[in-house]
Structures are given as C-alpha cells and as structure tokens.
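The values are calculated or read from the model by the stated rules, or taken from the named source; none is laboratory data. Here the structure is a predicted model, which is why all the values come from computation and not from measurement. Heads up, the Cβs are rebuilt from the backbone with ideal geometry, glycines too, and the neighbour counts pull from every protein chain shown.
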Amino acid sequence: MADVLVLTRALVDIESVSGNEAGVATYLFDRVSALAVRHGGRVERMTVDGERFNVFASWGEPIVTLSTHLDTVPPFFPSREDDEFVWGRGACDAKGAIAAMIGAAKTLLGEGARGIGLLFVVGEEINSAGANAAALTPRGSRYLINGEPTESKLALGAKGALRFEIRAAGKMAHSGYPELGESAIHKMLDVLETVRRIPLPRDPVLGPGTINIGRIAGGRAPNVVADEARAEIFVRLVGDPAPIRDAMTAAVAGRAELREIGFIPAVQFDSFDGLPTTIVSYTSDAPILSPAWGKPFLIGPGSIRVAHTEAERVPKRELEAAVGLYAGLARQLLKDAR
C-alpha cells in the first residue's frame, strides 16, 4: 500500500490550480499508459480547451468508471507527511482519490477484471469544464464512482451550486469632491447587503441553502472615487434554483449587472449495501457526468472540513483503505451488471 502514499505525494507536488492542469494531466497520462500497456488497455487525452485535457483510460468496454478531478483551489503548497497524514494542496481534494482509484484499478486488473474505466477531469473547482466536455462524449459506462472527500462514507445527497458575478459601474472623481463622481463600490456594497438578506430554503435531507460572497474587487486608489467594482457569489442549492435566480435579479435591481456563471443541481444518490452513509454540503461533477457516464455514486477519502484550507491533509490509513473501498465497490457493480 506504500504505492498509494507515494503517488498521492507525487500528484500533490505538481501544482495544478484550476486552469493549470496540463502538467499533472501529462504525468497521469504517462502513469496510466504504463498500466494500460501491462493489462491491454487504452488511454486517451480528451481535449477540453487550449492545453487542458481530461485523461481517460479503459480496459475493455467500460462498465464502471472511477472518476475525480485534477485541479485544486489556490494557493498551491507542496506535500509533506507525518505518521498519521499526508499533507498538501489536493491531498484530500482530490489527488488522494486519484491515487486510490489507480490503486483500485491495479487490484482489479490483477484479478483479471475487465470493464473498468478511469476518468480524470479538469476544472471542477471553477466551472466543471472537463466534466461538461466529458458529458458530451460518453464511453458507454453504466456506473460512475465519483471521488470527493466524504470521509469514506457513501454520500446520499449533495447540494447544488449557483455561481454569479456582479459588476457595478461608476464615475471617477477626486475623493475630496465625491459629489463629482459616482462610487461603484458604494453601489456594490448596497447590492451585497441585499444579497446577504436573501431568504434561503431548507431541505429535510440536504439541510439549509447557503450563500457566500467569495470575492470582491474594485476601485483604482484610496483617493479616487471608484468607477468599477465586481463581486463573485456562490450559492449552495438544496432545491429549485428559480427562486434564487429571481431574488438575485431583484437584489441587483438596476444598480449593477448580474451574470450567472454556472449551475449544478442538488442531487440525491442511492445507497449501497454495507457502506456507511453521509450527506455533503458541497457539489461535485457527478450531476454533470451522470447520466452520460452512468449511475453515480459519490465517495472518497479525507474530510471536506480541511479541504480548501492551509491544513489540507488526508489520513494515511483512510487513503490506503480507499484502494480496497473503490475496488470492492467496482467489483460489486461489475457483478451486478452481469
């Protein structure tokens, strides 16, 4: 099982913040190609945009595809380990899952299994560009095992996402004479105060919807009335997106420009005998890849509570166990497909 730890650290040490995944994709393409050669599989680069590509490998016609994402959130920091954890950006979200999935594929292929696929996609943290591209070119898979940090519990539900960008325009002026200008930042502050007051629904399974004002920028200098301002908003959905879209439009109310950046629906998954379960408050590529890549299951090593933080890490014991977890789930799905 040392292989999964070594591979996780190697993947973490390749910086792959969203938009810069080509390096880690190339590394994985070469790594999986060697596995394909040994076991009679095939590997392809699925072009997404520019130099960015998904990596897809299969052994026989894929019935079960194990998939997760190549990209990470910023900032990058390299790996390290202690007796209990592998640390670093992407350790649990989701490079540990990649390593465990490759380990599971090795296990299954060593048993003579066929019908296995591996799909590693770009852009999940920003706009799911890789998943959207893959959804347009399915490969016949009947089941999708999507990897995200669920503490190795099978997710029965996951929130959706609505992303917005708001832009406000103003007029520059000397800050000593603000009456000669119009502050875009003041407009934006008023808009965002309204956004913060938007009532959000609660679902009995998924819990409450949430809204996050994740990024704000604008202005030229502290002594200049701002002529522009912008903000990015992320809503975690638990149901119908239409009321949220209407509320956001009303919040802007002619004071700024609203643009929807992306939408992923909330989803509820089936259970699987013998696996502990959970509900997660984030979204994933699973709703985008399904149904094109098959019936989805969402599970992976590590905790979302340390993902996207300076303390991102994955327990070694859980990472090693994930190899058997993914292999066992895929093995049963292959059996069910007969």
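In segment 49-67, the residues that are assigned by TED's automatic domain parsing to the domain that holds Val121 reach residues that are of a type in the set (Phe, Trp, Tyr) and not in a strand (DSSP E or B) with C-beta atoms within less than 9 angstrom, at least six apart or across chains, in these pairs: Phe53/Phe29; Val55/Phe29; Ala57/Phe29; Pro62/Trp293; Thr65/Trp293; Leu66/Tyr326; Ser67/Trp293. Within the option set Phe76, Phe85, being surrounded by fewer than 17 Cβ atoms within 10 Å (Cβ to Cβ), more than 22 Å from Ala337 (Cα to Cα), touching a residue at least 24 places away in the same chain (Cβ under 8 Å) and of a type in the set (Phe, Trp, Tyr) holds for one residue only, Phe76. Number of residues in segment 182-233 that are in a loop (DSSP other than H, G, I, E, B) and among the charged types (D, E, K, R) equals 3. Counting residues in segment 135-142 that are within 27 Å of Val323 (Cα to Cα), touching a helix residue (DSSP H, G or I) at 6+ places or on another chain (Cβ under 7 Å) and of a type in the set (Lys, Arg) gives one or more. Residues of segment 246-300 that are surrounded by fewer than 14 Cβ atoms within 10 Å (Cβ to Cβ) and assigned to a loop (DSSP other than H, G, I, E, B): Ala253, Gly254, Asp270, Ser271, Asp273, Gly274, Pro276, Pro291.
Being surrounded by 18 or more Cβ atoms within 10 Å (Cβ to Cβ) and under 30 Å from Gly262 (Cβ atoms) is the filter; apply it to segment 305-318 and report the residue that is nearest to the chain's Cα centre (by Cα). Of everything passing the filter in segment 305-318, Ala307 is nearest to the chain's Cα centre (by Cα). Among residues of segment 179-214 being loosely packed, with under 13 Cβ neighbours inside 10 Å and of a type in the set (A, V, I, L, M), the one that is modelled with the lowest pLDDT is Val205. Applying a threshold of 7 Å to beta carbon distances and a minimum spacing of six or more residues, or different chains, the list of pairs starting in segment 197-215 at a residue that is touching a residue at least 60 places away in the same chain (Cβ under 8 Å) and ending at one that is part of a loop (DSSP other than H, G, I, E, B) reads Asp203/Val238; Asp203/Gly239; Leu206/Lys159; Leu206/Val238; Leu206/Ala266; Gly207/Val238; Gly207/Ser281; Thr210/Leu200. Within segment 118-145, the set of residues being under 16 Å from Gln332 (Cβ atoms) and in contact with a Lys or Arg (Cβ under 8 Å, 6 or more places away or on another chain) comprises Arg142, Tyr143, Leu144. Residue pairs, Cβ under 9 Å, 6 or more apart or interchain, first in segment 312-327 and on the phi < 0 side of the Ramachandran plot, second of a type in the set (Val, Ile, Thr) and surrounded by fewer than 20 Cβ atoms within 10 Å (Cβ to Cβ). List them. Sorted first by the residue in segment 312-327, then by its partner, the pairs are Glu312/Val306; Arg313/Val306; Val314/Val306; Val323/Thr107; Gly324/Thr107; Tyr326/Thr107; Ala327/Thr107.
Go through segment 145-163 residue by residue and tally those that are assigned to a strand (DSSP E or B) and under 20 Å from Leu206 (Cβ atoms). Final tally of qualifying residues: 11.
Condition test on Leu333, is it in contact with a strand residue (DSSP E or B) (Cβ under 8 Å, 6 or more places away or on another chain) and in the same structural domain as Val122 (by TED's automatic domain parsing)?
Spelling it out, Leu333 is indeed in contact with a strand residue (DSSP E or B) (Cβ under 8 Å, 6 or more places away or on another chain) and in the same structural domain as Val122 (by TED's automatic domain parsing).
Taking Leu109 as the residue in question, decide whether it is closer than 15 Å to Arg331 by Cα, in contact with a Gly (Cβ under 7 Å, 6 or more places away or on another chain) and buried (at least 18 other Cβ atoms within 10 Å of the Cβ). When the stated conditions are applied, Leu109 does not pass them. Listed conditions (1) small (Gly, Ala, Ser); (2) in contact with a Gly (Cβ under 7 Å, 6 or more places away or on another chain); (3) without any contact (Cβ under 8 Å) to a residue 60 or more places away in the chain are all met by Ala36, apart from (2).
Can you go through Ala94, Ala57 and tell me which one is at pLDDT 95 or above, crowded, with 24+ Cβ neighbours inside 10 Å and part of a helix (DSSP H, G or I)?
Numbers: Ala57 fails: part of a helix (DSSP H, G or I).
On inspection, the qualifying residue turns out to be Ala94.
In segment 162-178, the residue that is surrounded by the fewest Cβ atoms within 10 Å (Cβ to Cβ) out of those that are over 30 Å from Glu124 (Cβ atoms) and aliphatic (A, V, I, L, M) is Ala169.
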